Each structure stands twice: as C-alpha cells, then as structure tokens.
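The values are calculated or read from the model by the stated rules, or taken from the named source; none is laboratory data. Fair warning: this is a prediction, and the values are worked out from it, not measured in the lab. All Cβ positions, glycine included, derive from the backbone under ideal geometry; neighbour counts span all protein chains shown. Accessible surface areas use protein heavy atoms only, side chains included; no ligands, DNA or RNA. Shrake-Rupley method; radii C 1.70, N 1.55, O 1.52, S 1.80 Å.
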Amino acid sequence: MRFKKNLSLIVLLLITTTSYGQIIGVKGGLNLSTMFPKSDVGSLNDNFKIIPGFHVGLTSEFPLNEMFSVETGLLLSTKGFKGSQVDESLGVITETDANMTLLYLDLPLTAKASFDVGSTKIYGALGPYLGLGLSGKNEYEITEMGETRTGKNSISWGSGEFEYNRLDYGLTAGTGVDIKTVQIGLFYSLGLANLFNDSDNNIGESKLTHRVLGFSMGYKFGIN
C-alpha cells in the first residue's frame, strides 16, 4: 500500500510540473554507481567499488526567461555497488565478492542556468531528486579453502529485518551542452536517504547512501 501511495505521489508531481512545460524530451545514458557506508563503530566494509548501469526516461523543461529554466522528468535508474571483503578465522581465509543492483524510478527537479556560446548553450543545474525503489538483487561469490560457491537473492523492501527502505532522496548537480535539439550532460547524485531501515543491527548507528555519477544524451522535441 505504501508503495502505491509513493508511486502515485511521484506521478502526480510529474504531471503537475509538466502541465505547463514547453519542452518535452527523452534521455538516457550510463550510471556509475556506488554506496557510501558509515558506522559509528567503524565495522562496515568500506571497500565499495563502482558498478555500471543505466538511466532512461522522459524529461520536461519549461523556461522562466532566456537564461533560467526548471527541468524535471521520470527516469528509470540503476544504483548499487560492488564490494569485496577478506576474512581470516582459525587460519582459514574467506574471500567474498558481492554485487547489489537496484532499480529506481527517479523524479529530479533542478534549476537550470544556460549560457550562449556560439551556436550552443552551456548549462549548469542543481536541485533535489526523489526516488522509489522498484526491484533489486544481490549476487555473491564466496571462496574458501580453494572452493567457490555463488548465489543470488532478491531485495526485500520494507521496514522489517533484512529489508531495505524503498524511498530514496538527495541532491543532484549537473552540467552539459545543448546543441539545438540534442543535450549532452554529466551529473552527480548525492543520496541522503538511508538504505537501512533501522540501526538495531549490532553494529551501532549505521547508514548506507547512494552515490551516482552519470553521463547522458537526450533529444528535445519541438525545437527548431
């Protein structure tokens, strides 16, 4: 029920924002995602690496004047991380490699400033985003005493033990160029929402947030 309410809120926000929009577009591109772990006892594995993914969806931009505009959209976006850890117990070394891949529906809302440079426009954008987790999976590989076993499981969203918060939010900043109907951009999203749903996990107060560096290309309709 909470999932349906959150999804309805995101769609309503997009419809409200784009009702007065003048420029509709599509965009997609590469996500380089990781997560930032933090614990007050320092027991979280911080050897998190980047995992590649994608984003794709619709955008809407409506100008406020010749220089400033507001841009929003609905984007399917992957997030997650690669992690590795080596443990030793009683002379036995255990190596663990894990991938977490999550799929979100993101709603960014950024203020955009554009500057004419010849026949192109250079822009900068800054604003918040809201994300809703749709699906996800964990894949792992464990090597111990020369033997390797693999496995995977689906992410469970909710407020219970071993479940993850579905709602994500944070800040996104970007820059790029508009060449008539084509937009080429670079952005960075700083997640502020904790993926863990509580701190009762025997490792003290802990937090796990998203970090995404993205490269995108878009096309805008209705521009001469």
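List the relative contact order of the range 83-224 as a percent without decimals, with contacts defined as Cα pairs under 8 Å and 6+ residues apart. Could the numbers behind the result be given before it?
Details: 311 pairs, mean separation 26.8, N = 142.
Worked out over the range 83-224, it gives 19 percent.
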| query | How large is the accessible surface per residue of the range 23-154, computed with a 1.4 Å probe and reported in Å² as a whole number? | reply | 54
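In the P(r) worked out for the range 106-224, what percent of Cα pairs fall beyond 17 Å? Could you put the intermediate results ahead of the total?
Values: 4829 of 7021 pairs.
Beyond 17 Å sits 69 percent of the P(r) for the range 106-224.
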| Relative contact order computed over the range 100-179 (Cα-Cα under 8 Å; 6+ residues apart), in percent | 35
| Could the peptides 88-97, 101-110 be put in order, highest first, of the mean number of other beta-carbon atoms found within 10 Å of their residues? | 101-110, 88-97
| remark: the range 208-224 and the range 132-203 have their Cα centres apart by a whole-number Å value of 18
| Dipole of the range 139-184, positive direction: furthest Cα of 146, 156, 175, with charges on the beta-carbon | 175
